[in-house]
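Below you'll find the structure, written out as structure tokens, and then a few comments.
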Amino acid sequence: ISTCVFSNCLSPVATIAPAESSGPSMAPSETFLRLHELSRKSRGAEYMDAAALPSASHLEREFGLFNPEGSGCCPTVDATGAVTCTCSGCERWSKYVAGTLGERWPTYKQYEVLTTEYVAQLARYLRSRRSEIIGDDVVGEPLRSLRVLELGAGDGRLTRHLREELDGHSVEVYATDDHSLGLARGSAHGVVAADALDAIALAGGAARSPVDGSSDLPAACDVALVCWQPIGVDWTAAVRASASFREYLLIGEADDGICGHRRLTWGLEDDDDDAGDSEDDGNGEGAGRARAMPSYMTDGWTRVDVTDELGGRQICRTDERWLSGRRSRSISFRRGAACVESSGVF
């Protein structure tokens, strides 16, 4: 027995059985297919392939995302506190991000669900950062290209689409992955086979080391890009310690989510959830122990949440149809910037 978290459902309720075949079809709706085809055609013939990106609005309508009142979901809480919904709509969304929805749908796992809007905004952001980090000469021409290194790139899908958007804009993007998760299939998208820490050393100004494909990486990159850093893993300390990097951009769940390391990446301690109960004695005096400064701050870096600057419409595999909020964010960390914390976390 579990309890439904929506007030318009009976409570308590038995755990919902898997969706019956009478639910929504697993096939794409005709509207989605027409809109997706128009989106492909509007971007040119080179985009007429199975990897072409959908738009966020198409996906939101197709899968009923971020509309809890109209989702038809009845999520339940089990004895462990886990909240789930097994309605046919949620099953369909889960299969979509898992790459198992069937014919005419993507057949690869998706963590960040890339959309035309997000990739375009990310490319625009990198162009603006090129101007700020590299600068222009006296006649307004770029002094050189901005070099971006994607770590843990999987099959290189994000880098591929960024390269298409950034062609002719003096921004170079390189993809690396160690293939440990089996996400990269061959070198179709130009992914250099390298462990993240080795890639950082190679492209961060350190001495060259014998890594396959290392000749395809520049000796000094300016920006590190990490989309869904594995849980409990931190690559950011190595980026900060490398001489050439001026910024790293983390895409995915932030802070107490499932990307990166809670303390090493985000600067959170295990008892941060309770900090508000112990840090002030009611008279403005700190009663509890002082919080340790996040390592990125002690290293001289500043955190800037650029989610809204990138459109605020990110979609990811952990988004739930019965929630209106989005779980994926875009967080920039910049070397030597003014110490203004804009995230509200520290």
Exercise. For the peptides 229-236, 146-153, what is the packing order when you average, over each peptide's residues, the other Cβ atoms within 10 Å and list the highest mean first?
Worked result: 146-153, 229-236
Seminar exercise, completed: Sequence order, the stretch 299-306: Karplus ³J(HN,Hα) from phi using 6.51 cos²θ - 1.76 cosθ + 1.60, θ = phi - 60°, Hz rounded, Gly and Pro as x, gives 7, x, 10, 10, 8, 9, 7, 10
Seminar exercise, completed: For Cys227, the residues 5 or more places away or on another chain with a placed amide H closer than 5 Å to its own amide H are Leu151, Ile251
Exercise. Rounded, prolate or oblate: which fits the stretch 62-131, taking a ≥ b ≥ c as square roots of the Cα gyration tensor eigenvalues, rounded meaning a/c under 1.5, else prolate when a/b beats b/c?
Worked result: prolate
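Sort Lys109, Lys95 by accessible area with a 1.4 Å probe, largest first. Provide the component values of the computation, followed by the final result.
Working: Lys109 120, Lys95 70 Å².
Output order, biggest surface exposure first: Lys109, Lys95.
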For this session: Determine the per residue accessible area of the stretch 61-141 with all protein chains present and a 1.4 angstrom probe, expressed in square angstrom.
Result: 47 Å²
Exercise. Å³ per residue of the Cα convex hull, for the stretch 135-186?
Worked result: 70 Å³
Seminar exercise, completed: Sorted by chain and then number, the residues having a modelled amide H within less than 5 Å of the amide H of Phe66, at least 5 places away or on another chain, are Leu323
Problem set entry | Karplus 3J(HN,Hα) series, Hz, for the stretch 165-172 with 6.51 cos²θ - 1.76 cosθ + 1.60 (x for Gly, Pro) | 6, 9, 4, x, 10, 6, 10, 9
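The values are calculated or read from the model by the stated rules, or taken from the named source; none is laboratory data. Model, not experiment: these values are computed from the prediction. Ideal geometry is used to build each Cβ from the backbone, glycine not excepted, and the neighbour counts take in all protein chains shown. Each accessible area value is taken on the protein alone, full model and side chains, heavy atoms only, with ligands, DNA and RNA left out. Shrake-Rupley method; radii C 1.70, N 1.55, O 1.52, S 1.80 Å.
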